[in-house]
1. Across region B:54-64, what is the total count of residues that are touching a residue at least 40 places away in the same chain (Cβ under 8 Å) and either surrounded by 24 or more Cβ atoms within 10 Å (Cβ to Cβ) or over 16 Å from the mean Cα position of the chain (by Cα) (or both)?
2. Please work out which residue is surrounded by the fewest Cβ atoms within 10 Å (Cβ to Cβ), limiting yourself to region B:136-150 and to residues that are in contact with a helix residue (DSSP H, G or I) (Cβ under 8 Å, 6 or more places away or on another chain) and closer than 18 Å to residue B:219 by Cα.
3. I'd like the full set of residues that are within 16 Å of the chain's Cα centre (by Cα) and either within 14 Å of chain D (Cβ to nearest Cβ) or free of Cβ contacts under 8 Å to residues at least 24 places away in the same chain (or both), limited to region A:5-18.
4. In region A:137-158, is there at least one residue being within 14 Å of chain B (Cβ to nearest Cβ) and over 20 Å from residue A:31 (Cα atoms)?
5. Within region A:114-153, count every residue that is at pLDDT 95 or above and assigned to a helix (DSSP H, G or I).
6. Given the conditions (1) assigned to a loop (DSSP other than H, G, I, E, B); (2) farther than 30 Å from residue D:110 by Cα, report the number of the one that residue B:62 does not fulfil.
7. With the requirement that a residue be part of a helix (DSSP H, G or I), farther than 15 Å from residue A:64 by Cα and touching a strand residue (DSSP E or B) at 6+ places or on another chain (Cβ under 7 Å), what does region A:86-113 give you?
8. Given the options A:51, A:83, name the one that is assigned to a helix (DSSP H, G or I) and free of Cβ contacts under 8 Å to residues at least 24 places away in the same chain.
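The values are calculated or read from the model by the stated rules, or taken from the named source; none is laboratory data. Note that the structure is a prediction, hence the values are computed from the model and not measured. Reconstructed Cβ throughout: ideal geometry from the backbone, glycine too, with neighbour counts over all protein chains shown.
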């Protein structure tokens, strides 16, 4: 089980995330493409940092909403969404190549990620865009989605587009019985570091998570999503890394 | 001598340029990258149009100024400018590849083009960015600059970055004795279609232009820049095409 | 019954709408505030044009989505929406005052207008924002909404915020039996100028419209929304003006 | 001598400045208008904070360059700059009024501030815009500029526009013999807190500053600009406040 983190989410003079502290611990960096965060210079610097730590890189495309940090769902047409996906993947892929790096996957951000999980046409537009991009070269970019009990269905869907999936779970989020994530505001949302580490351990050893209702459900997980907003979060990542090693 | 035109300069709901009327006549389309014009969907549609007419494509990067259409000079740092160049070239190149097209050149837009001609550090940052991008693949993107009496000096400079230059002249602009362009507002600026066609004919047959002061100067020209803002402009392009054929 | 039109929707170098042709015919100009269209200079110029023709002015606020022209619904929080409304109204009102003009109403644009008609919390946030703005001065900005059979309910709602409503109908749109507008793409959508003028005449003389299903419904209408995208549209406005005079 | 600080410079999810820590110490808050920082919700929240602490508020307009934080000079036309000034002042003034606050001054930001100090046409466009805005109501917004030996000349200039000036000095910057600020990167730039407090004390008691070359020059100062980027900076503000009280 790998560790992934959203990085490169600074914007001009505004800094976000302790990227240089996090990079040593993670395997996959999902890098902002400029539509919710990440101006060109931030992108170049983040890619350099990933190269230095030999971290796999993914494009982290978003709805076009910088002031809203890509967290507001937007009703885009299918052709708009497809063009946005191509543009963002191309920008990160091309800049990465100019730094001698290779993009390996795509993970939609924020509201686009949530909409992808809930909405089949949006998911298929995303798959189609990646498929179209992959046909352009020797690339085989994968799509990272949320690990849920429906993962094998999602894999069947993705196969039709010849796109391989990566499934990610979350250390710092609670799960409902249907495998969906509880809101961070939910009263039963995990808050203690102990509980988070326990969830990681269970995922690693048994391939399951325990829902807030107490049910045990199996999850296929390729990667665990962590966050590096502050030093406490970085400390948690170090602890998770130790469990997974 | 080829014909090039700036295309893909619509933005969302706002349309600019009669791209579909112009494309049949031209050899090279300089396509907006999203920083002064050209949202992702406009970019995809413009690339499709270029593919249909078998037109060479170039990236047309700009300062980041959509509301100002990239016409306002901005004091960017060298590292900002380099990152912007990489980002914009990468975006257009990658989306082009996903449409089975190949980018062949880069032509800076508006204020960035003017600053490149006047300012050596800016020109070198642009050359260095293209050089870095070219090293990432089997690409050999060329840089299109203005044809002036200093072209061979510019070529020497570009060789140090292993970047080939393309020289462009203008049908609809007047020249001063030093080979620079007169402002469109200058009292002696060409206004009649007859004068413009005469300038094209002279460039083709003798490789020279006549300045507003009456001096004849030699210009090495690979491509002639035309504009397709309205039907009169498209008609002019058709007439120029006839001269060049 | 007055005539209103959305104006000031150019953006930087991109022009939209024949504002100077339309202004002589209309009573109310709904002016873009910079969030879907309308940069500061366009705003100043549009206000000057309105002043010249003695036209009432309204703020035409939008979701923050320039590339999408405010046509994509965005899931904004109530406090985000309230702040956006205040900002946009304030910008247009203050610039108007600096041109010796007075703002008299607010008409949300595009997706925000549609969401306002369908979604009570959004409508109430809009009413609350206008109410808060009105308390700041001697202003009594009205809110322009769509004339529907529910108009008196909407008036009751608005009264709780001490905001007066204006009801607008459309000459160039077809109505369904519930008083909602049919999509422009609907097979029965009006296309002939004759039908549009007939709809205006009926509204003026009988205060009713006939739905596409053939039902006659009464509509309270303060203002008729027209569009000035091209010369044919301007011609239609002139004809409508004649009917209403 | 009052204390002023640039506030409201967060942007969406990105936070900048310890505004709530700084507000208790200052007399004047120069509030970002949305062109270099400060989305509508940040603006509303910052105004509320200023109201709570009974702090005077100023508009802090900028060139339109969010990703560059208004720090890159842009070659705008006079009419563009005038429209931008009106728009930004109007937005902050109107939102302030909706929070029962009154704008009292305008202080340009970053590159626009520097250009204003160096460039007479830019300074006059700014004065003209404020003058035009003031004529629209009972407002008499002042313009805050840098205190230099040329201040009385600047006052003569401002009088022609009927705009009153406020002169600001800097605690944390070094001065050259001509009264201009040294770059923060200059080898002789003040770095110790002790030196900064000494500069404040001298300004208060003798109305002079000592340049890096050792010359003593008199400065008329209405307000001292402080910065609240981190807790050390806030501590410094507290110490400065003590000197001034």
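1. Number satisfying all stated conditions: 7.
2. Among residues in region B:136-150 that are in contact with a helix residue (DSSP H, G or I) (Cβ under 8 Å, 6 or more places away or on another chain) and closer than 18 Å to residue B:219 by Cα, the one surrounded by the fewest Cβ atoms within 10 Å (Cβ to Cβ) is B:148.
3. Taking region A:5-18 first, the residues within 16 Å of the chain's Cα centre (by Cα) are A:5-9, A:17.
Hits for region A:5-18 are A:6, A:8, A:9, A:17.
4. For region A:137-158, residues within 14 Å of chain B (Cβ to nearest Cβ) and over 20 Å from residue A:31 (Cα atoms): present.
5. 23
6. Unmet condition: (2).
7. Here is the first cut: in region A:86-113, the ones part of a helix (DSSP H, G or I) are A:86-98, A:110-113.
Subset that is farther than 15 Å from residue A:64 by Cα: A:90, A:92-98.
The answer is A:92, A:93, A:96.
8. On the way: A:51 fails: free of Cβ contacts under 8 Å to residues at least 24 places away in the same chain.
After applying the criteria, what remains is A:83.
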